[in-house]
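The values are calculated or read from the model by the stated rules, or taken from the named source; none is laboratory data. Remember, predicted model here, so these are calculated numbers, not experimental data. Positions of Cβ are generated from backbone atoms using ideal geometry, with glycine treated the same way; all protein chains shown enter the neighbour counts. Ligands, DNA and RNA are stripped out before the accessible areas are found, and what is left, the full protein with its side chains, is counted by its heavy atoms. Shrake-Rupley method; radii C 1.70, N 1.55, O 1.52, S 1.80 Å.
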Amino acid sequence: MGENGTTAPWWRDAVIYQVYLQSFADGNADGVGDVAGLRSRIGYLSGLGIDAVWITPWFRSPLRDAGYDVADYRAIHPRYGSVDEGRELIDECHAAGIRVILDIVPNHTSSDHPWFAAALNSPPGSAERARYHVRAGRDDGTSPPNDWLSVFGGPAWTRVDDGEWYLHLFDSSQPDLNWDSAEVRSEFEDILRFWFDLGVDGFRIDVATALVKAPGLPDLGYPDGAFLADLTRADHPHRDRDEVHEIYRDWRKLADSYDPPRMFAAEAWLDDPDRLSRYVRPDELHTTLNLYYLKSAWTADGMRRAIDASIAATSGVGAPTTWALSNHDVERVVTRYGRDDTRRRPGVSGPELGPVDERLGRRRARAAALLTLALPGSVYVYQGDELGLADAHVPEQARQDPIWIRSRGRRWGRDGARVPLPWTPDGGSFGFGDDGAWLPQPPGWGAHAVSSQAGDDSSFLELYRSALSLRRAHPALGGTGEVRWCEAPRDDVLVFTRDPGFGCVVNFGPAPAPIPWTGASSWSVTTEPARARSPPTAPSGWTSGRRTAHDHDRAPQRGADPLARRRHPPGRVRPRRRGEPRRRPAGVRGAPVRPGVLHDPAVQPGPRVAVHRPLPAHERADGSGQPGLGVRARERTVPSLLSELGYRTALIGQQHESRDPYRLGFDEVHPWLAGPARCGPVSQRAVEWLEAAPGEPFFLTVGFFETHRPYPADGYPPVDPASVEVPPYLPDNEHTRADLAGFLGSIRVADAATGRVVDAVERAGLADSTLLLFTTDHGIAYPRAKGTLYDPGIRVAFVARPPRSWGVAPGAPDGLLSHVDVLPTLVELAGGPVPPSVQGQSFASVLRGEPGRRRTEVFAEKNYHDEYDPIRGIRTDRYAYIRTLEPGTPPRLSGDIERGPVRLGLGEEQLRPRPAEELYDLDDDPWQLCDLAGDPSYAEVKAGLAARLDAWMSETNDPVLAGRVAAPSGSLDEGPVPR
Ligand code: NOJ
C-alpha cells in the first residue's frame, strides 16, 4: 500500500533481478543459457523473494555484443528459444508473482538487421540510409566525419564500400539508428506493442540517453588521453540531449494505454543526478537505473552522498529512486569492493585496478546488500550477486567481449562478470547445463553454487533471502518513505532509521561500533576483519521493532527492538565487572554430578567442536522446550567447572540441555533463539569469535543443528541414493536410500562447517595450544538406532585433535569411551581436581598418546523419549547386553523418524516388542542382528553382564529400582539465571 493508503505501482519499490540470459541456466545442453533454463529456475527466483526479472536481450542477433546487437526485435534468438516459449515463460513468471522486464536496444541495431543491409545496398542519400547515420567523411572522405570515439574503443565510424561512413557509438556491428527518422520512431513503438501484447510488464532501455544526436554531428573534442568525454558537459552532441525526452513522452503514453500500465527503466550513465531526474518526470519514464550509486566508493561519506543525491533528484520529480550494486557491464561488487580503491573507474581495467581481496570484498558486499535493500525505492540485483560471486578470471583466448577485441587487449572487458552461474558444487558446468559453459567457469566456482549455499545461514544466498523476505514483510521497508540519518558514533559509520521502527547501521571501518539505539552493550558491526579482541563482528545490521537481519544470521532474532533496551542482546555477554566473581550456574561447589551414560537417546544429534555434558543423561534436554529438560540447582557443568579454573567459556549455537541456555554456566552465550542453529551461521559466528579469541584459556562449545532431521534437498544436496551403503539393520529400498542420501548430504554440509571452525583455529594461531573435540549427541536418527541401546543408537562420532604442541601421532586408539568421560578429562587437562562424585573416567592419557587405564565397559540408560521405554544396557569390547524393563510394549519410533522417508519402506520388524533381555556377540555380529540371550552356550556371559549391570544400577541409585520413573513434565530448570 502506498503512503496514502492507495496501492502504489509495483515498480516503485520492486526488487528486480537481472537475468543475464546466456549465463543464467542452460536448458538445452549447448553451453548457453536460454529460456528453457530460465523457466526451470523460476522456483529459485520466487524463493529468493524478488518481484521482477529483467532479461537481457534475447532477440535474434549475431551476438557480437551479447545480444545488444539486435537483428530482429520481434524474434527470440533460436539459441535461447522461441517466442512461444517466451510467452510461456512470461505466463509462468506471472503465475509465480514475478513480473517480466525485457531489454530494448533502440540506439542501434545489429549490422545484420535487414534495415542496415538495405542501407548498405542503397545509394548515399537514400531513405534506407536515412534510418542510420551514414555520411561522407572528411579530408576527401578518407577521415571519419567527426572525432567521436566508440565506447568500446577506436573511432565511432566505419567506412563502407562506397566510401561513406556509418556511426556506431559501440561496436562496428552496432550501427546507430537515426532517431530523427519518423520511421524509426514508429517502428520502435510497434516493437514495444508487440511485447506488451504478449504480457511483458516493462522494458529497460539500453543507452537511453544517446538516441538523439546533435544536428550536424559536431566534433566533441576529447581531452588528451580521455577514453570518453565528460558525458555531463553541456550540449553534448550524442548524450542526454533535450530532444530525447520527446521520445520517452510518447513511450509513456503507449505504456499507459495498457491495463495494467507497463513501465520503463532507463539505462542512463549520467553523473549529474539532476539531469538524470529529467528522465523520470511524471509524463516520461518510470525509473532510471541509478548508476551514480553503483559507481560510488565504499565509504560512509561516498555512499551517503550517493544516497542523498539520488533521493533528492528523483523525489524532486515524484519518482522513486533505484539502487544497484553491479550489472553485466561492470565488475562484480565483490571484486570492486575487494580493492583499495572501491570506486568504479571507467576506462581502467584488469591489473591496472590493483589487487583484489575477495574476502574483504564479500564482507563489504554483504553489508552493501543490506544497506541497499534498506533504502526506499526499487533495487536491482545482478544475477550471481546474491551468491557473492566475484569476477572470474577468463583466460585471454576465451574472452568474447567486443571491448577486449576492439581495444586489442588493452581493456579487459566484461567477461569476468558474465561467467555462467554455478548451481551445484560439481558437474561439468556446476549445474549450469549439461554441456559446458560458453565462458569458462573457474575451478572452485562450485563452492559458490546455489545448492552449496542454500540452507547455510551464513551464506550470501541466505543473507539475500532473509533480507528480501524482511524487506517484504516490514512496513518500513520498500516503499518510498524517508531515510532519516542519525548521529553516528564515528565518521566511518552510517546510521539511519525509517518509519515505522526500523534502523540500519553500516560500519565501513575496521573497528567495532555500537548500535546507538540499544546502548553501548549492543552488538557491533564492522566491515573489516576484526582485529584485537573485539566481539563477534558483522558488517551490517538491521534492527527493527519486529525482527533483525544481522549480516550473519538468516534466522532473524526475535525481540530486537532498537527503541527498547534489550535485556540481553543476542551474541554478547554482559561483561563481568571488576571484582565480580565469575558467574556460575545455579550450582553449589562440590555438588554431585549425576552419573551419566554413553548415550542419551533423549537429546538430538548435533556435531560439536567441543563438548560439554552438563546434565545427567536420563533427564531430557532440548532447547526447543520439550518437557523434562533443564539444569537443577545442584548440578555442575563443564563450563562452570572450567570457568572456576580460569577459562573463559562460551556457547555458540545449539544446546539441548536447558530451555534457557544462560543457565548452563557459560560466561558468554550466543544463542539461537529463533529457528534452528544451522551450521552455516553458527560456524561463521564461531570463526569470528576465534578471530578475536581471548588471551586467557577458553572453552568454546559450538553446537550445530545438523544432522538433525529434516534434510531438505535445497539445503543439503543429497548424495546419489544408488551410492549409499544401507546398513543391514535397515531394509534396503528406495525410501531408505533416499533418506540416507539426504542424511549423508547433511553430514557433508556439517562437515564443511566444522572444517571452517577448525581452519579458524589454525588461522588464529591456536592449533598448538587448543584441544578440539568433535562429537554427536547420539547415534543416527534411524530405526533400530536413535532411541534404542543398540550400537547404532549409542555409538557416536568422536574425533579429538590434541594441541599440536603435544606431538601426538594420529590414530584410532582401542578401547571404549563414554561421553561422561569428557567432563573429567577436560577438568584434568585444565589442571583442576575432578569432583569425586563424577562418574566418568578421564581419557586425558589417551589424548596425550600415553599408556593408561582404558574403559572395559560402558553403561547405557533410557527412560523416556516419545514414550516411557525404560531400557538399560552394558557394552563391553565384545558384547552388548540390553535389558528391556517393560517388555511386551511395542517401542515407538521417535517423531522425526516417523516423518522421515525411511518410515515409508519400513516393515513391522522394527516395531515388535523387544524381549526382556538381549545379548549380542559383536565379534561375529557387529550389527546385533542375532540375539544370543536364549543360547545356553552364552548363559555364563549373559549372567556376568547382567550382574555388572545390576551393580551399576544400584551404585548409581537408578530410579527405576524404586518403580516406574515418573514422566518428565515441565522444565527441570532451577535457580536464578546467571545473566
Ligand atoms: C549497454 C549495455 O548494458 C551493454 O552491455 C551494451 O554493450 C551497450 N549498452 C551497447 O548496447
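Observations
- Subset of segment 60-76 (residues that are of a type outside the set (D, E, K, R), within 16 Å of the ligand (Cβ to nearest atom) and in contact with a helix residue (DSSP H, G or I) (Cβ under 9 Å, 6 or more places away or on another chain)): Leu63, Ala66, Gly67, Ala71, Tyr73
- Matching option when the condition is within 20 Å of Tyr17 (Cα to Cα), surrounded by fewer than 22 Cβ atoms within 10 Å (Cβ to Cβ), in contact (Cβ under 8 Å) with a residue 12 or more places away in the chain and small (Gly, Ala, Ser), among Gly67, Gly97: Gly97
- Residue that is more than 16 Å from the ligand (Cβ to nearest atom), in the same structural domain as Leu102 (by the TED database), out of contact with any strand residue (DSSP E or B) (no Cβ under 9 Å at 6 or more places or on another chain) and closer than 23 Å to Thr56 by Cβ, where the choices are Tyr248, Tyr293, Tyr258: Tyr258
- Test result for Asp391, modelled with pLDDT of 95 or more, of a type in the set (Asp, Glu), touching a helix residue (DSSP H, G or I) at 6+ places or on another chain (Cβ under 9 Å) and part of a loop (DSSP other than H, G, I, E, B): yes
- Of the residues making up segment 437-479, those that are outside any helix (DSSP H, G or I) and at negative phi number 17.
Residues checked against (1) without any contact (Cβ under 8 Å) to a residue 60 or more places away in the chain; (2) farther than 22 Å from Tyr464 by Cα:
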| residue | (1), (2) |
| --- | --- |
| Gly354 | yes, yes |
| Ala369 | no, no |
| Pro376 | no, no |
| Ala392 | yes, no |
| Ala398 | yes, yes |
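- Residues located in segment 299-327, provided they are assigned to a loop (DSSP other than H, G, I, E, B) and either touching a Cys at 6+ places or on another chain (Cβ under 6 Å) or within 16 Å of the ligand (Cβ to nearest atom) (or both): Leu325, Ser326, Asn327
- When segment 167-178 is filtered for residues that are open to solvent by 20 Å² or more (accessible area, probe 1.4 Å) and either among the polar types (S, T, N, Q) or more than 16 Å from the ligand (Cβ to nearest atom) (or both), the ones remaining, listed by number, are Ser172, Asn178.
- Of the set (1) modelled with pLDDT of 95 or more; (2) hydrophobic (A, V, I, L, M, F, W, C); (3) in a loop (DSSP other than H, G, I, E, B), all apply to Ala488 but (1).
- Those residues of segment 491-514 which are not in a strand (DSSP E or B) and not aliphatic (A, V, I, L, M), in sequence order: Asp491, Asp492, Asp499, Pro500, Gly501, Phe508, Gly509, Pro510, Pro512, Pro514
- Condition broken by Leu371, with the remaining ones in (1) assigned to a loop (DSSP other than H, G, I, E, B); (2) open to solvent by less than 10 Å² (accessible area, probe 1.4 Å) satisfied: (1)
- Every condition in (1) modelled with pLDDT of 90 or more; (2) closer than 23 Å to Pro721 by Cα holds for Glu898 except the one numbered (1).
- Any pair with Cβ under 7 angstrom, 6 or more apart, that starts in segment 841-853 at a residue that is open to solvent by 30 Å² or more (accessible area, probe 1.4 Å) and ends at one that is among the aliphatic types (A, V, I, L, M) and in a helix (DSSP H, G or I): Gly852/Val846
- Inter-residue pairs, beta-carbon under 8 Å, first assigned to a loop (DSSP other than H, G, I, E, B) and away from the ligand (no atom under 16 Å from the Cβ) and in segment 328-343, second aliphatic (A, V, I, L, M) and open to solvent by less than 10 Å² (accessible area, probe 1.4 Å), 6+ apart: Gly338/Ala390
- Condition met for Gly888 (open to solvent by 20 Å² or more (accessible area, probe 1.4 Å) and without any contact (Cβ under 8 Å) to a residue 40 or more places away in the chain): yes
- Single unsatisfied condition, Ala96 versus (1) away from the ligand (no atom under 16 Å from the Cβ); (2) in the same structural domain as Ser40 (by the TED database); (3) in contact with a Phe, Trp or Tyr (Cβ under 7 Å, 6 or more places away or on another chain); (4) not polar (S, T, N, Q): (3)
- Residue match in segment 114-121 (condition: within 16 Å of the ligand (Cβ to nearest atom) and either in the same structural domain as His238 (by the TED database) or open to solvent by less than 10 Å² (accessible area, probe 1.4 Å) (or both)): yes
- In segment 452-473 there is no residue that is open to solvent by 20 Å² or more (accessible area, probe 1.4 Å) and without any contact (Cβ under 8 Å) to a residue 60 or more places away in the chain.
- Qualifying residue in segment 132-152 (condition: open to solvent by less than 10 Å² (accessible area, probe 1.4 Å), at pLDDT 95 or above, of a type in the set (A, V, I, L, M, F, W, C) and more than 15 Å from the ligand (Cβ to nearest atom)): no
- Considered as a group, the residues in segment 793-828 that are open to solvent by 20 Å² or more (accessible area, probe 1.4 Å), out of contact with any helix residue (DSSP H, G or I) (no Cβ under 8 Å at 6 or more places or on another chain) and not in a loop (DSSP other than H, G, I, E, B) include one that is farthest from Phe859 (Cα to Cα), and that residue is Ser805.
- When we screen Pro926, Pro915 for residues that are under 24 Å from His865 (Cβ atoms), surrounded by fewer than 19 Cβ atoms within 10 Å (Cβ to Cβ) and not acidic (Asp, Glu), the only hit is Pro915.
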